[in-house]
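Below is one structure, written out as structure tokens; comments come after it.
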Amino acid sequence: MNIPKKLKVCLLVLAISLAGCTIGAGGTLDITPACQAGAVSAGFINLWSATWQGICFLAATTVWAVAILVYVVGFALNHQKAIIWAREQMQEAVFAMLITMFVIGFVSFLCTLDLNSLGLGGACLGGATTNFIDAAFCSLSSMYLTLMQGLLLVIALNSAMAAAATFTIGFAPGGVGTVFTPLAVLGEVANSFVPASIVLVTSAVLTMTQMVLVKMSASIFVALFPIGVILRSFGATRGFGGGLIAIALGFLLFYPFLVVLFYGSVGGNMGISDAITQDYSSLSDSFSSAGPSPGDANWFGGILSPLVGFIGKAIMGAIFIPLLMFMILIVSIKGLSAALGEEVDVSNLTRLI
């Protein structure tokens, strides 16, 4: 059965407004996370056990009771379509009950999984107490810190070279005389740092956005998963409910895992060279030839070469890698939703990315 789009939107709004969301003082929206302090959140356990577990069981048993009634009537009337429909509904009701029973164990497994057992290592993976979400947030935080350090270096170099480009040597009383600007070429170099700073600011903003999304991922699960289980129990909303479950699992499992994989490998190669600490040769050497001395050229090359490489890695890590990650996430959610209910149409979102 095709569900009208307006009804789907209303159900989604209802899911977010009811599933674990409370309005605190000052209009702040508080959502209980699924994982907290290296374990499943006590708030999520209480919320699921006290509220949603009973509602999910009630929905599943209601479908089961209706299916049994239809099966008995269909069997008495020898109506094969009714019998087949009733069997399908009973199977789906049993599946919903199993999800309701084992969700706490599944979430606890994800929250306490030792990432080192998967062959993953790094400064952000501190053992069994570090879950996917904490490790993903740590990786993005390291990336963000490195980008901001690079931005400060670019701003400092821009200011220093722009000031050095105006350095003059000479004597011109009354505006007549000889004046040398041996470092005027640095003005062009300083101008090249402007687009570099724009790239780094954009990369930092995109990385910060992912940090917020990672922090929201566990709360997205708490908000969407319960209502998804309930809607999936009924045939009319099974596809939509399966889609909500797929989105919840995608953000709880797939997205943090992708962040750990990609940024765990990129973050270790994002360091900035210490070329800025190299000794600058004497300014008088610039007069020994028609341009900067070899020492000057080596000093500038020692700064610019690693900086250009750093900006290239920033573009890859903050722009292209997120695009690849979200494409993998969309494909995962699409396949999981097809297994749980019906395939979610994400073609518009894929074209947008």
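The values are calculated or read from the model by the stated rules, or taken from the named source; none is laboratory data. Fair warning: this is a prediction, and the values are worked out from it, not measured in the lab. So basically every Cβ, Gly included, is an ideal-geometry build from the backbone, and we count neighbours across all protein chains shown.
Select, from Val94, Val63, Val70, the only residue that is among the β-branched types (Val, Ile, Thr), in contact (Cβ under 8 Å) with a residue 40 or more places away in the chain and part of a helix (DSSP H, G or I). Before you say what the answer is, go through the steps one by one.
Numbers: Val94 fails: in contact (Cβ under 8 Å) with a residue 40 or more places away in the chain; Val70 fails: in contact (Cβ under 8 Å) with a residue 40 or more places away in the chain.
Sole residue among the options that is among the β-branched types (Val, Ile, Thr), in contact (Cβ under 8 Å) with a residue 40 or more places away in the chain and part of a helix (DSSP H, G or I): Val63.
Which condition number does Gln80 fail, the rest of (1) modelled with pLDDT of 85 or more; (2) surrounded by 11 or more Cβ atoms within 10 Å (Cβ to Cβ) being met?
That leaves (2) as the condition not met.
Here are some residues: Leu329, Leu323. Which one is in a helix (DSSP H, G or I), modelled with pLDDT of 85 or more and surrounded by fewer than 15 Cβ atoms within 10 Å (Cβ to Cβ)?
The conditions single out Leu323.
Can you go through Val189, Val201 and tell me which one is at pLDDT 85 or above and either of a type in the set (Val, Ile, Thr) or assigned to a loop (DSSP other than H, G, I, E, B) (or both)?
Within the list Val189, Val201, the selection yields Val201.
If Gly264 satisfies all but one of (1) crowded, with 16+ Cβ neighbours inside 10 Å; (2) at pLDDT 80 or above; (3) within 22 Å of Leu213 (Cα to Cα), what's the number of the condition it fails?
Only one criterion in (1) crowded, with 16+ Cβ neighbours inside 10 Å; (2) at pLDDT 80 or above; (3) within 22 Å of Leu213 (Cα to Cα) is unmet by Gly264, namely (2).
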